[in-house]
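To start, the structure itself, in structure tokens.
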Amino acid sequence: MSEMKKVLVLLAALVLVLSACSKPGNNANQAAGTASETASGSASSSSGAGADGKKLKVVLLIAGNLGDKSFHDSANRGLDLVRSELGAETKVIEMGTDQTKWQPIYEDIANQDWDLIISGNSTASEIYHAVAAEHPDKKFLDFDTDFDDIPDNMYAMSYKVNDASFLAGAVAALATSSSLPGMNPDKKIGFLGGLDVPGINAFLVGYIEGAKYIDPDIKVVTSYAGDFSNPAKGKELSLVQYKSGADVIFGAAGGTGLGIFDAAKEQKKYAVGVDSDQALLFKDTDSDKANLILTSSMKNIDQSILKAVKSFQDGTLTYGKREVLGFAEGGTGIAENDIYNKLMTPEMKGKIDEIKQKLLNKEITVDDANSMETSAIEQIRNSVKP
């Protein structure tokens with residue numbers, strides 16, 4: 001063989017070697033984004049993930065769809081924080097609203113090599129927890145459940161939404177009695193729920209109790225949409241409430257609640273957001289709408305997820321229990337942005353600050369609809385019925 005041929009053969013062999021070495025990395029970069037496809041890369045240790053030098057792998061399963069501008073989107077922001085602050089490999093999967101598809105997706109992900117699997121939604125809890133129990137070698141995080149019986153390989157949390165809703169009710173009651181433009185002489189506010197269920201009524205009960213703390217004679221118009229993804233229905237029901245005399249409406253209705261803001265803009269009335277600072281969603285695109293959102297009752301889901309994953313990473317996360325996070329624990333609160341500061345007078349803000357301090361000191365205890373009889377919730381609802 002000539003010297004030239006020998007050189008060509010050696011070069012060809014070198015190319016093949018380099019090509020073979022590059023394939024694993026390329027496959028990892030082309031990992032699919034659907035629930036049915038296997039995630040790429042090597043899994044970290046379940047206890048103290050990342051301690052072995054491998055990248056932490058975290059997946060978030062949304063029992064529904066992103067774009068609700070509140071609950072699910074807040075969880076997704078939490079995953080963004082996990083990626084940006086902890087350097088984790090992350091993936092979000094929207095499972096949709098067809099509940100028959102949730103169990104197979106949970107199973108599929110549990111059989112992949114994720115270090116930590118995250119999901120949360122009271123509707124999905126039973127399915128999610130059952131799958132977790134069937135995979136004791138994996139670690140799970142439920143970021144919002146009312147279940148008390150938690151699998152031994154799962155950390156769960158819930159939020160005292162009644163605390164934040166109490167503050168929201170106080171804001172609404174102060175507003176309806178104020179000299180803000182558009183307020184009518186009646187001391188009347190509204191509430192729009194997605195469903196008439198304990199998880200939603202926890203918002204309602206806190207809202208009513210907060211409003212009555214300010215004004216024992218206040219009236220609260222209540223309606224339920226029967227849907228969490230119908231903004232048109234939310235607007236329709238909100239228009240009825242505004243036209244009946246409600247000055248402020250608070251919604252706990254997912255995407256349906258976005259219709260409240262449309263109705264508020266049309267009627268030049270006020271609204272209270274839920275789960276995240278919803279005024280910020282419209283601040284740059286529709287300031288007229290944003291400027292009518294007094295505040296938002298917030299679940300700090302994003303920060304709670306980040307905190308839990310940090311604990312998982314350093315090996316201090318506790319399993320088999322549900323932690324309840326309220327205002328005192330930093331799990332809930334209200335938005336106090338520029339709009340809040342502009343619309344609320346110093347006296348009104350002072351009253352809210354007083355209530356916050358009493359919540360911190362446990363001087364105010366807010367009832368929780370999740371542990372109440374239906375008749376008791378009905379009694380509270382009727383106590384403020386116009």
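The values are calculated or read from the model by the stated rules, or taken from the named source; none is laboratory data. Predicted model, so just to flag it, every value in this text is computed and none were measured. Virtual Cβ from ideal backbone geometry, glycine too; neighbours counted across all protein chains shown. Side chains are part of the model used for accessible areas, which takes the heavy atoms of the whole protein and leaves out ligands, DNA and RNA. Shrake-Rupley method; radii C 1.70, N 1.55, O 1.52, S 1.80 Å.
What the table shows:
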{"read-out": "Cβ charges +1 (Lys, Arg) and -1 (Asp, Glu), total dipole of the chain, debye", "value": "880 debye"}
{"read-out": "For Val274, distant residues with modelled amide H under 5 Å away", "value": "Ser297"}
{"read-out": "Computed FRET value (nearest 0.05) for Glu363 with Glu329, which takes r as the C-beta separation and R₀ as 25 Å", "value": "0.95"}
{"read-out": "Helix-only mean residue ellipticity at 222 nm for the chain, each DSSP H run of n ≥ 4 adding -39500 (n - 2.57), per residue, nearest 500", "value": "-13500 deg cm²/dmol"}
{"read-out": "Table column - 3J(HN,Hα) (Hz), the stretch 181-191, Karplus curve with 6.51, -1.76, 1.60, x for Gly and Pro", "value": "x, x, 6, 9, x, 6, 8, 9, 10, x, 9"}
{"read-out": "Net charge dipole size for the stretch 272-386 [Lys, Arg +1 and Asp, Glu -1 on Cβ; Debye, nearest 20]", "value": "160 debye"}
{"read-out": "Anchor Lys289: aspartates and glutamates whose Cα lies under 13 Å away (excluding residues fewer than 8 positions away in-chain)", "value": "Asp262, Glu266"}
{"read-out": "Karplus-derived HN-Hα couplings along the stretch 276-285 (A = 6.51, B = -1.76, C = 1.60, θ = phi - 60°), whole Hz, x at Gly and Pro", "value": "8, 6, 6, 4, 5, 5, 10, 4, 8, 10"}
{"read-out": "Degrees, to the nearest 10: 374-383 long Cα axis against longest axis of the chain", "value": "50 degrees"}
{"read-out": "Placed amide H near Leu56: partners under 5 Å, 5+ positions off or other chain", "value": "Glu89"}
{"read-out": "Under 12 Å, Cβ to Cβ, from Ala376 - net charge with Lys/Arg +1 and Asp/Glu -1", "value": "-3"}
{"read-out": "The stretch 295-386 - accessible surface per residue (Å², probe 1.4 Å)", "value": "51 Å²"}
{"read-out": "Carbon plus sulfur fraction of accessible area for the chain, probe 1.4 Å, in percent", "value": "52 percent"}
{"read-out": "Alpha carbon convex hull of the stretch 230-386, volume per residue in cubic angstrom", "value": "172 Å³"}
{"read-out": "Gly194 long-range amide H proximity, modeled H, under 5 Å", "value": "Ala225, Ala252, Ala253"}
{"read-out": "Total formal charge among the other residues, if their Cβ is under 13 angstrom from that of Ser70, Lys/Arg +1 and Asp/Glu -1", "value": "-3"}
{"read-out": "³J(HN,Hα), Karplus 6.51/-1.76/1.60, whole Hz, each residue of the stretch 202-215, x for Gly, Pro", "value": "4, 5, 4, 4, x, 4, 5, 5, x, 5, 6, 4, 7, 9"}
{"read-out": "Per residue value of the accessible surface for the stretch 57-161 (all protein chains in place, 1.4 Å probe), Å²", "value": "36 Å²"}
{"read-out": "The stretch 100-218 - charge dipole about Cα centre, Lys and Arg +1 at Cβ, Asp and Glu -1, debye rounded to 20", "value": "680 debye"}
{"read-out": "Ratio of Rg to Rh over the chain (Cα coordinates, Kirkwood Rh, two decimals)", "value": "1.10"}
{"read-out": "Helix axis angle, 3-29 relative to the chain longest principal axis, alpha carbon, degrees", "value": "20 degrees"}
{"read-out": "Cross-link pairs beyond the 21 Å C-alpha cut-off, checked among Lys55/Lys321; Lys57/Lys299; Lys235/Lys351; Lys69/Lys299", "value": "Lys55/Lys321; Lys57/Lys299; Lys235/Lys351"}
